[in-house]
Amino acid sequence: EWTDEEMAAGKWLAEADAVLICCGSGSRAAPLQAAGGRVYSNEEDFARQYPSMCDWGYKTAVDCSEILSDGKLSIYERWAFWAEHTEKMNEIPMDEDTLDALAVAVGEKDYFVYSFTAESFFHKAGFDSRRIYSAAGSWEFLQCAKACSSSSVFPSSEAVHEILSNLREYSVVTNDCLPKCSHCGGDCIPNVRLNDKFCHERYSEGLSNLISWLEEIAASKTRLVIVELDSAFKANRLSAFPMESIAADLASCALVRFSNERYPWVPAVLSKAVGLPTKSFHELPELLAHAESADGQMLSVAAEKEVEQAAESRKLQRQERDLSVEPIHWRRILQHLGEDLFNCAYERSM
């Protein structure tokens, strides 16, 4: 039996003229990875894949995002992990079923991809690179640890290969194989969003293209649906928050949030938004097929009204409690991502 939320989602997908695909970081689920993929919060998988990091007190790959500030680890131990992680992530096959489901959802519609994964899955899957913004960076590149210049970003494959060869031969990372910045001679780190030194230059064109695309959507009042994968409330706010702001600002926009949380959360300020629990992220074709059927078309209209009325009720409750219903504008949020100014102040506004 179909819920109101599922029927409303199917209706929005079927009626949309454009699709914004948003994919979270893989911290709670791995929608683009085939079975056996690396879920960043999985302690058992982490212990099996990175036993040496467990000796340092790390329990998950999510924890390892903090190793730059951990004084216990030297640059050698850090690069031992980064090199191994880069190789492992590059070897993981993509989930063809999820990619097929996204292809069905997009169809002939206009689309853009906002990805907070650093594994370049959408590039590997053949999506148009001009229509992808990789907000988290990419493990395929290194950068100067001091960000000495905006262009101090380099391919990582040669350095990763040399470090792993060194590890296999000597069981340690030696100084002569550590990657160095070709501009200043300093240490390098992965070109992913690890700290406030993140070099964004390589991804600026994708961000600019996304902002321009959204401005065209807004100006033309094009019906847009945001399909969000793995943006759990607590774990992926850097991906979920901008999407919520877009949905709040554009009257013709709907948000469909797929999450492996039992009760996926959507903000009270959004009138056209649903959270759908999932385990596989493969439901899109079935939702569309049902919405486009004769029975589905009739039922989905009533379901959409139920969803929107419930959202309006939540919004009024917030106003009665003197809570804000005005989100920060999405353009400002996206621009601050490019300027590395995104911070917890945005969290509090929602």
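The values are calculated or read from the model by the stated rules, or taken from the named source; none is laboratory data. Quick caveat, the model's predicted, so the values are computed rather than measured. Cβ atoms come from the backbone with ideal geometry, glycine included; neighbour counts cover every protein chain shown. Calculation scope for accessible area: heavy atoms of the full protein, side chains included, ligands and nucleic acids excluded. Shrake-Rupley method; radii C 1.70, N 1.55, O 1.52, S 1.80 Å.
Thr278 falls short on exactly one of the conditions (1) in contact (Cβ under 8 Å) with a residue 60 or more places away in the chain; (2) closer than 21 Å to Asp95 by Cβ; (3) under 19 Å from the mean Cα position of the chain (by Cα), and that condition is (1).
Okay, residues lined up against (1) under 16 Å from the mean Cα position of the chain (by Cα); (2) surrounded by 13 or more Cβ atoms within 10 Å (Cβ to Cβ); (3) at pLDDT 80 or above:
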| site | (1), (2), (3) |
| --- | --- |
| Arg237 | yes, yes, no |
| Ser259 | yes, yes, yes |
| Ala291 | no, yes, no |
| Lys315 | no, yes, no |
| Glu320 | no, no, no |
| Leu334 | yes, yes, yes |
| Phe342 | yes, yes, no |
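One residue alone among Ser150, Ser208 is modelled with pLDDT under 95 and open to solvent by 10 Å² or more (accessible area, probe 1.4 Å), and that residue is Ser150.
Scanning the range 183-193 turns up at least one residue that is among the aliphatic types (A, V, I, L, M), part of a strand (DSSP E or B) and within 14 Å of Ser120 (Cβ to Cβ). A count restricted to the range 156-196 and to residues that are of a type in the set (D, E, K, R), modelled with pLDDT of 90 or more and surrounded by 13 or more Cβ atoms within 10 Å (Cβ to Cβ) stands at 3. What are the residues in the range 78-116 that are open to solvent by less than 10 Å² (accessible area, probe 1.4 Å), among the β-branched types (Val, Ile, Thr) and either touching a Leu at 6+ places or on another chain (Cβ under 8 Å) or farther than 25 Å from Phe46 by Cβ (or both), if any? Residues satisfying the conditions are Thr98, Val113. Suppose we keep only residues that are in contact with a helix residue (DSSP H, G or I) (Cβ under 8 Å, 6 or more places away or on another chain) and not in a helix (DSSP H, G or I) within the range 202-226. Which one would you say is farthest from Val19 (Cα to Cα)? Here the residue is Thr222.
Considering the range 117-147, and only residues there that are hydroxyl-bearing (Ser, Thr, Tyr) and within 15 Å of the chain's Cα centre (by Cα), the residue that is surrounded by the fewest Cβ atoms within 10 Å (Cβ to Cβ) turns out to be Ser120. Please specify each residue of the range 46-67 satisfying the condition of being more than 17 Å from Val173 (Cα to Cα) and of a type in the set (A, V, I, L, M). Ala47, Ala61, Val62, listed by residue number.
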